[in-house]
2 protein chains.
Amino acid sequence: MFSLDQLSAFVAVAEELHFGRAAERLNMTQPPLSRQVQKLERAVGARLLERDNRKVELTEAGQAFLVEARRLLALVETAGDLARRVDQGAAGTLRLGFTATSAIRTLGPLLRRMSEELPDVDVILHERVTPAQLDGLLRGELDLGLGRPPFDSDVLDSRVVDREPLCAVVPGNHRLAALGRPLSAGDFAGERVISYSPTQARYFHELTVRFLAESHPRIEQRVQQILTVILLVAAGRGVALVPASARSLGVEGVTYCDLEGAGDPVELHAIWRRDATSPVLRRVLTMLPEHH
Amino acid sequence: MFSLDQLSAFVAVAEELHFGRAAERLNMTQPPLSRQVQKLERAVGARLLERDNRKVELTEAGQAFLVEARRLLALVETAGDLARRVDQGAAGTLRLGFTATSAIRTLGPLLRRMSEELPDVDVILHERVTPAQLDGLLRGELDLGLGRPPFDSDVLDSRVVDREPLCAVVPGNHRLAALGRPLSAGDFAGERVISYSPTQARYFHELTVRFLAESHPRIEQRVQQILTVILLVAAGRGVALVPASARSLGVEGVTYCDLEGAGDPVELHAIWRRDATSPVLRRVLTMLPEHH
DNA sequence: AGAACATGATTCCCGAAAGGTATCACTCGC
DNA sequence: GCGAGTGATACCTTTCGGGAATCATGTTCT
């Protein structure tokens, strides 16, 4: 088999049609260049250059081989580049899980920035509730998730990427909507409260229960999606607690009220396998906002 | 820059995921294989294989690079093959000139045989009268011609590839058509004879003149193409001499008559530049019929 | 025609690089 | 905890590639 150096030598001679000049271009002397071309011809099994004491020209086999040789050398360049870029996370694939509400403040800006800074990274999006994301991460179906606590921190690593206050959402004509002041837990006494699934939306379930602990509200529903909660509120089925960014979902017929003391902030975490090796993942992690 | 050996080494390790087995497959020992992979990684500038004392696996960069490496090695094979096949005349292009009548007995079988034995040779056909073929050969526009003598044998080489008798063609209702015996030169006394251009169809012109020398016929036309001659005969404009194979042109309303002694045979020559180097040409020359 | 020049091939030498053997460092399974 | 297995390292030998000088041959200028 021939070597890449021999290919470069051949291409140089084929382009210069002169061993001396080709050797100069390759920063070497003429004798070893002649030998390399001879070796290449023996390896290929065909005469590529017709040469005598006064002229050098390509044979037909040489013309055909020159095309292939150039293609090969070009591929050598691109292969190295590609590997380097994948290694640095500038090319490749990121399988990204996210919850519906994480998209509002975090996913959009992230995707926008990635398409600018990492245009050769393919992002495959999976909208899933947090437990499904964790499952996907453990199974190796996802590289990165945007979800809510809690999760197993032995296998998974995480970072807070967004933190926002909790707020209340009530029907537009509800008495609480007219108060015009931050609501306290006591304001919810006797209200029907729409809350979250303790398994599929455990984080919001616990935030809700914790905030309203001493006011003994009537928990009426147990849904997974924040948007569903707000739609139920709009339908007059009760009131609920949601993250402040839910305002921008633009549901008609509801009013959002601040909470007194605001309770615990709502946290969004980026989550990934602690043993993950994906260069794209590492690169993307540097692009996520820092909190704490 | 990396070497092709390093690529083969990497591919072997990537496929075996085991340095020892990969080394065995490459007919070498493990230590130099490890070094080659290390060198490759340094040359590429990215870690391609994640390895420790008990497992070897591809990094993401390694996965991307493996694809390119396989493509490269495949191209190495095909590049060599291609050059070899071009060198042996099994691939490439043949620019072939021919005269209209040479197609009848020679061109067809040649093309059929080439498409069977040299399927990767592209044949570019140029129908030209002999002088135009000679011009094309000298200008380097043609690789091979099928034409009639004479031609400059200093620059051009040639071989007889077909030889056939001359015959007469007369209108179907002509008195000569009814004789039912081979015609002699004397039979043409007083006939209007359609003949050929002394420059563009010099060979047939001279054959005609030579055969009819002592019978003093009336030479009426001077055309280039044999088919034109026969059509003029069919139109009753005279009689003519044509190669025997012209019978298979299938022109209606004419009769073909053998000639006494048949005169000189009509020769068809394959003609090429004496200094031609085309491997396809040499290969094709071996496929042409031998005469003489 | 002869000398000077140009050009690719050949020869010989040296240093760099590749492969082999022996060994090390580390992990895992019993 | 020890032996088996695996990749890395050290060291040696061989091979291969590059450089200087020279050769062989054909061209050009006088």
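Rounded to the nearest 0.05, the FRET efficiency derived from the C-beta distance between A:Leu17 and A:Asp275 at R0 = 56 Å is 0.50. From the alpha carbon centroid of segment B:199-251 to that of segment B:106-165 is 23 Å. A cut-off of 5 Å between modelled amide H atoms, ignoring neighbours fewer than 5 places along the same chain, links B:Leu156 with B:Arg274.
Note on A:Gln63 and B:Leu125: their simple-model spin labels are 2.2 nm apart, each label 7 Å out from Cα toward Cβ. Only residues of segment A:144-169 count here: report those whose backbone N is under 17 Å from the spot 7 Å along Cα→Cβ of A:Arg282, or say none. Once the point is set 7 Å along Cα→Cβ of A:Arg282, A:144, A:157-158 turn out to lie under 17 Å by backbone N, inside segment A:144-169. The order of B:Met1, B:Met28 by accessible area, most exposed first and with a 1.4 Å probe, is B:Met1, B:Met28.
If a paramagnetic tag sat 7 Å from the Cα of A:Glu77 along the Cα-Cβ line, which residues of segment A:12-55 would have the backbone N under 18 Å from that point? Output list for this probe position: A:12-16, A:25-27. With contacts taken as Cα pairs under 8 Å at a separation of at least 6 residues, segment A:166-264 carries a relative contact order of 48 percent. Projected label points at B:Thr199 and A:Ser248, each 7 Å from Cα along the beta carbon direction, are separated by 8.6 nanometres. Rolling a 1.4 Å probe over the heavy atoms of the protein chains gives the protein assembly as shown an accessible area of 47 Å² per residue. Only beta bridges with both residues in segment A:25-143 are counted; by DSSP, about 25 percent of them are antiparallel.
Within the shell of other residues whose beta carbon sits under 12 angstrom from the beta carbon of B:Pro165, the net charge comes to -4, with Lys and Arg scored +1 and Asp and Glu -1. Kirkwood hydrodynamic radius, the protein assembly as shown, all distinct C-alpha pairs: what's the number in Å? Taking the inverse mean of 1/r over all distinct Cα pairs, the protein assembly as shown comes out at 32.6 Å. Accessible surface buried by the B/A pair amounts to about 2700 Å², both sides summed, 1.4 Å probe.
Which percent, to the nearest 5, of DSSP beta bridges fully inside chain B are antiparallel?
On the way: 23 of 41 bridges.
Taking every DSSP beta bridge with both residues in chain B, the antiparallel ones total about 55 percent.
Exposure check, 1.4 Å probe, all protein chains in place: A:Asp120 carries approximately 80 Å² of accessible surface.
On a 1.4 Å probe surface of the protein chains, which of A:Thr286, B:Thr130 comes out largest in accessible area, and what is the full order?
Result, largest first: A:Thr286, B:Thr130.
Here the relative contact order of chain B, from alpha carbon pairs under 8 Å that lie six or more residues apart, stands at 22 percent.
In chain B, Rg over Rh equals 1.35, where Rg is the alpha-carbon radius of gyration and Rh the Kirkwood radius from pairwise Cα distances. Ranked from largest to smallest solvent-accessible area, with a 1.4 Å probe on the protein heavy atoms, A:Arg42, B:Arg274, A:Arg112, B:Arg148 come out as A:Arg42, A:Arg112, B:Arg274, B:Arg148. Run a plain Debye calculation on segment A:18-86 (Cα atoms as equal point scatterers, no solvent) and give log10 I(q)/I(0) at q = 0.11, 0.25 Å⁻¹, rounded to two decimals, same order as the q list. The computed values of log10 I(q)/I(0) come out as -0.35, -1.19. Applying 1/(1 + (r/R0)^6) with R0 = 35 Å to the Cβ-Cβ distance of B:Lys39 and A:Asp157 gives a FRET efficiency near 0.55.
Where does the Debye-calculated log10 I(q)/I(0) of segment A:72-129 sit at q = 0.18 Å⁻¹, using only Cα point scatterers of equal weight, no solvent? So the normalised log intensities are -0.68. Here the contact order of segment A:4-87, divided by its residue count and restricted to Cα pairs under 8 Å and six or more residues apart, works out to 27 percent.
Under a 5 Å amide H cut-off, with hydrogens placed 1.01 Å from N, A:Val123 pairs with A:Leu94 among residues at least 5 apart or on other chains. Counting only heavy atoms of the protein chains and using a 1.4 Å probe, B:Lys55 has close to 80 Å² of accessible surface.
Taking a temperature of 37 °C and a viscosity of 0.692 mPa s, what whole-number D in µm²/s does Stokes-Einstein yield for segment B:166-264 with Rh from Kirkwood over alpha carbon pairs?
252
The DSSP beta bridges internal to the protein assembly as shown are antiparallel in roughly 55% of cases.
At full extension, B:Asp135 and B:Arg70 could sit 18.6 nm farther apart than now, given 0.36 nm per residue minus the alpha carbon distance.
The values are calculated or read from the model by the stated rules, or taken from the named source; none is laboratory data. What you see is a predicted model, and the numbers here were worked out from it, not measured in a lab. Cβ sites come from the backbone with ideal geometry, for glycine too, and all protein chains shown count toward neighbours. Side chains included, ligands, DNA and RNA excluded: accessible areas come from the protein's heavy atoms. Shrake-Rupley method; radii C 1.70, N 1.55, O 1.52, S 1.80 Å.
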